[in-house]
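Presented below is the structure to which this report refers.
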Amino acid sequence: MEAGSLPLELWRLILAYLPLADLGRCSLVCRAWRELILSLDNTRWRQLCLGCAECKHPNWPNRPHLEPRSWREALRRHSLASRTWSQSGEELESSHCLYLFRRRKDRKVHHVGAGHEHQSLRGALGAAGAYDRVLLHPGVYEEQSELVLKLPVEIVGKGKLGEVALLVSFDQQCPTARLCNLVFMPAWFSTVFNTSSGHVQFDNCNLENGQLQVQGPGTCQIRFCSFSQSSVHLHGVALSLLESCEFSGSDNASVTVEGSPASDRNWACKHLTALAKSKSMASLQEWSPDVSHPPPVVTLELCKEGGTGQGGGEIGATVLSEALDCSESELSTASDNEEDEPVGYRLSYGPHGLSHLLEQAPGDPSVPASSGLELRTLQQELQRDKEAQALAASLQGCLVRKCLFRDGKGGLFVCAQAQARLEGNVFRDLAYAVRCIQSAKLLVVVLADPVTCVSSSKTGRVSKQGVEVRMRRLGRTGHISLPPPRSVSVSVQCNRIHSGLRSGIVVLGNGKGCIRSNRIYGNKEAGIYILYNGNPVVSGNHIYQGLAAGIAVNESGRGLIVENVIRENQWGGADIRRGSDPVLRNNLICHGYSDGVVIGERSRGLIEGNTICRNKGCGVWIMSSSLPHITGNHISHNSTYGMAVFCHKDDVNNYPPSQASNENFNEEGELIAWEGDLDSEDERFSSRRPISAALIESNSISHNGAAGLYVKNSEALNIVGNAIHSNQGHGISVFQSSQLSRMVNNSITANTAGGVSVEAGCRVELRGNGVYDNRCHGISSRGEGVILENDIIGNHGCALRLLESADMRVVRNRIQSLHGFGVAVLDEVKGLVQDNLIFQGKAGKSLIHKTAAAEDCIVLNNELLAFNGKSPGRREAAWALENPPPRPRVEGQPSGAPAAQPAPRGISMTTRITARVESGCHSSGSIFCSIL
């Protein structure tokens, strides 16, 4: 009969009565019949797939509401997978045509149950031959002693799942076996099934309160099974497949993979490898990140309100009460005078050596859509990461696909050089999702939504008791543990990690790995937490809307953190504490509800090339006894200081109560074991040049809500080659500085208050700076130190004001004030004002003003340039900044420290800085931020 002789709808109605075998025969008639059979995908093929008693919905248990791409293809894959156990016969290799003459195995069916040929399962197994089927009719079957499987056999339950229950323990001593459509109930034994050499296949079974054990060279394939308070333990298994299973209510890990894969492989490995590769290719397309739910668009709006974090009132009061040295009347008078009394001559100060940084500081920044920080797909990540590509291509250990782990203690536990690969799994409401320790290897390909959380653990040398205590206290959070330095790196790529009740990802105990192109959001603690010498590569992630810090690095943590978008987190973007030393490069850190970057006590770090903007706290907060290298960053439009250096130490009292200590990571001597494993110190320090003070260089700090750089510190500080522009307070405010603060080759321009303010008791060195066009005094000092070879031009108050008990050496500067004195020496000032070139800015205004009380200040050999050039001691000269040109001059490397330009985007390590950190004077804890 021709396929076109009847309407398509009528054919579909007729063919709906055909069994599977007849549909296959019809598809072989001709092309028209084949197309007709294929058109039945959503009707007859769907009915056959859902009616199969050996499997569940193809997308069970995670996405049963979504239909597969093809019901016929899903049924075909299931049919092939269900026959894996029977492929153990020896292949004939003497001739390609001998397969035609192989004798077909006759499979006999043995019926077990009331009224059938066998009354007990033990009796049926004793009568069964190789590859026979034992069909159990509905009922409960119990055996008081262990059943030994000595021949390949298939045990299948008849009817719906749940109608056949077994209270039996199996010990497999044969090459292969299959169990299907059975429920294993608890009995006197705890191990439901055990095999040490052969292959076992579980299809559509339920296990309750039992354990399945497989030891290498044995293998297993588990599909469409439910484990309730049960677990799977794999020891030294070369290859195993767990697909579309549900694990719930576990007291410990639901799946434990232990020991390196056995080199002695059994017959099933090649069949499992082929099956795994075919399914993994499909999973890359089916379980890619959901592009239909992109992260919210970053909208940059100026944040005028103060910080909302802990202690926000104190910092707000500090900003409001900051000594601006210009009263409101002075500012208004200066503004009026600018219009009413024109300046005699304005000196030009541009361009200078840092003009390029001012050009890169727009007044209203935005984040373009093509900022280069978009999430990459898994295929793109594997192409750029050869190590992850090799790990993805290798199939060893345990492959876990499309499984659901929920409502229990642990998900997957990988240890003792074991290997595992995860594809499209869901971890929900667990104490931890995945732990990987003791030189184990793990590839997390794609985690499906909703993922509770992912974190990481230590490298080994942990007592069992210590790990158990830690698990009890972690709460409902997911965890991925990263392996030690000598092992292959873990790769966590293209996942959605959110809504966790603790941190998103935790890397500790020398843990390494790659965390790339993940979407990490809405976690209760830090999105990524690195501590105890954890050293991962974190790149290309979007970390947002967390209830704590975006990335927290604590307790000597390290890491390479590059090209991430870190935004809208409650406790700041990056939080670095307690001896940590990461690289933070080319990240966008914005819209945080506290500070952008926090560098805590005794910490180091390279903070390079980042854009830090629109945070409600500071752009960068630095605490005492820390030695960071902060270079090439764009810090703008933050609500308070652009950068603040405070004489504060980390205080446990400032931490939220639930996170005031590291008790979760430091129990039963775990910390001692970690500290004894620092075998990479030589590598860390081999390529660094030593310094003795924190270094802030080549940054653009602009349009912040308070001072551009605020210093309240008790330790030395180097500020080199920065462009500090258009901030709402002083450009640089030195409020406290008992040790020397060096300010070299900076451009300090157009700030709302003065350029540089130095309070009493502070020690400073200002050398080679350009202080231009600030709305109040250029430099105002009550402290002591040196002001050498600066250009202080075009400021609206005094160019240089010394007052109270200042003791300064002011030598070889070029000075002009638009409306005030060139140099004002007030009160009981001491020191020396010598060899300066002072230009007159306003007619009738004295170039040097000195009060009688300042008799201890020596004013000597200064060159004064007035409009007419006729007064005694004055001379005619060209009114221009020449020989040298306008400062700052950045020719090659500035004196004192190199000026680093923003590094190109990439993940290459640069020269780092290290030094011995000594304890200093600390008064109180940090105001805004807490390590979470």
Residue hits (segment 545-565; open to solvent by 10 Å² or more (accessible area, probe 1.4 Å) and not hydrophobic (A, V, I, L, M, F, W, C)) are Gln545, Glu555, Ser556, Arg558, Glu563
Within segment 719-751, residues more than 20 Å from Cys762 (Cα to Cα) and under 34 Å from the mean Cα position of the chain (by Cα) come out as Gly721, Asn722, Ala723, Ile724, His725, Ser726, Asn727, Gln728
Subset of segment 821-835, residues touching a Lys or Arg at 6+ places or on another chain (Cβ under 7 Å) and either more than 16 Å from Thr851 (Cβ to Cβ) or small (Gly, Ala, Ser) (or both), comes to Ala824, Gly831, Leu832, Asp835
In segment 723-740, residues that are open to solvent by 10 Å² or more (accessible area, probe 1.4 Å) and either under 18 Å from Arg782 (Cα atoms) or of a type in the set (D, E, K, R) (or both) total 5
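Condition check ((1) in contact with a helix residue (DSSP H, G or I) (Cβ under 9 Å, 6 or more places away or on another chain); (2) open to solvent by less than 50 Å² (accessible area, probe 1.4 Å); (3) assigned to a helix (DSSP H, G or I)) across all residues:
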{"residue": "Ala21", "(1), (2), (3)": "no, no, yes"}
{"residue": "Leu28", "(1), (2), (3)": "yes, no, no"}
{"residue": "Trp33", "(1), (2), (3)": "yes, yes, yes"}
{"residue": "Lys56", "(1), (2), (3)": "yes, yes, no"}
{"residue": "Trp60", "(1), (2), (3)": "no, yes, no"}
Answer yes or no: is there a residue in segment 679-702 that is modelled with pLDDT of 65 or more, of a type in the set (Gly, Ala, Ser) and on the phi > 0 side of the Ramachandran plot.
-> yes
field: Residue check for His111: part of a loop (DSSP other than H, G, I, E, B), surrounded by 13 or more Cβ atoms within 10 Å (Cβ to Cβ), in the same structural domain as Gly198 (by the TED database) and at pLDDT 85 or above
entry: no
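Can you tell me which residue is nearest to Val232 (Cα to Cα) among those in segment 166-195 that are of a type in the set (Gly, Ala, Ser) and open to solvent by less than 10 Å² (accessible area, probe 1.4 Å)?
Going through segment 166-195, the residues of a type in the set (Gly, Ala, Ser) turn out to be 169, 177, 187, 190.
Next, only the ones that are open to solvent by less than 10 Å² (accessible area, probe 1.4 Å) stay: 169, 177.
Working: Ser169: 14, Ala177: 17 Å.
Selected residue: Ser169.
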Per the list (1) open to solvent by 10 Å² or more (accessible area, probe 1.4 Å); (2) more than 29 Å from Cys49 (Cα to Cα); (3) under 32 Å from the mean Cα position of the chain (by Cα), residue check on Glu246 breaks on (2)
Filter segment 700-715 for residues that are in a loop (DSSP other than H, G, I, E, B) and in contact with a strand residue (DSSP E or B) (Cβ under 6 Å, 6 or more places away or on another chain); the one that is nearest to Val597 (Cα to Cα) is Gly708
Within segment 227-278, of all residues that are in a helix (DSSP H, G or I) and of a type outside the set (Gly, Ala, Ser), the one farthest from Gln215 (Cα to Cα) is Lys277
> Do we have Arg223 as within 42 Å of the chain's Cα centre (by Cα), of a type in the set (D, E, K, R) and closer than 17 Å to Ala268 by Cβ here?
Replying inline: yes
Filtering segment 798-818 down to residues that are open to solvent by less than 10 Å² (accessible area, probe 1.4 Å) and in contact with a His (Cβ under 7 Å, 6 or more places away or on another chain) yields Leu818
The condition from (1) within 25 Å of Leu358 (Cα to Cα); (2) among the aliphatic types (A, V, I, L, M); (3) over 48 Å from the mean Cα position of the chain (by Cα) that Val829 misses is numbered (1)
Condition set open to solvent by 10 Å² or more (accessible area, probe 1.4 Å) and closer than 21 Å to Lys277 by Cα, scope segment 421-442, selection modelled with the lowest pLDDT: answer is Lys441
For segment 1-19, the count of residues that are part of a loop (DSSP other than H, G, I, E, B) and open to solvent by less than 50 Å² (accessible area, probe 1.4 Å) equals 2
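Which one of these is crowded, with 24+ Cβ neighbours inside 10 Å, in contact (Cβ under 8 Å) with a residue 40 or more places away in the chain and over 19 Å from Cys613 (Cα atoms): Val720, Val764? Full working, then the answer.
Numbers: Val764 fails: in contact (Cβ under 8 Å) with a residue 40 or more places away in the chain.
None of the others qualify; the one that does is Val720.
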Note on segment 531-543: residues open to solvent by less than 10 Å² (accessible area, probe 1.4 Å) and not in a loop (DSSP other than H, G, I, E, B) are Leu531, Pro536, Val538, Ser539, Ile543
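The values are calculated or read from the model by the stated rules, or taken from the named source; none is laboratory data. Since the model is a prediction, treat every value here as computed from it, not as a measurement. Methodologically, a virtual Cβ is constructed for each residue, glycine included, from the backbone with ideal geometry; neighbour enumeration extends over all protein chains shown. Note: accessible area is taken over every heavy atom of the protein model, side chains too, but ligands, DNA and RNA are not part of it. Shrake-Rupley method; radii C 1.70, N 1.55, O 1.52, S 1.80 Å.
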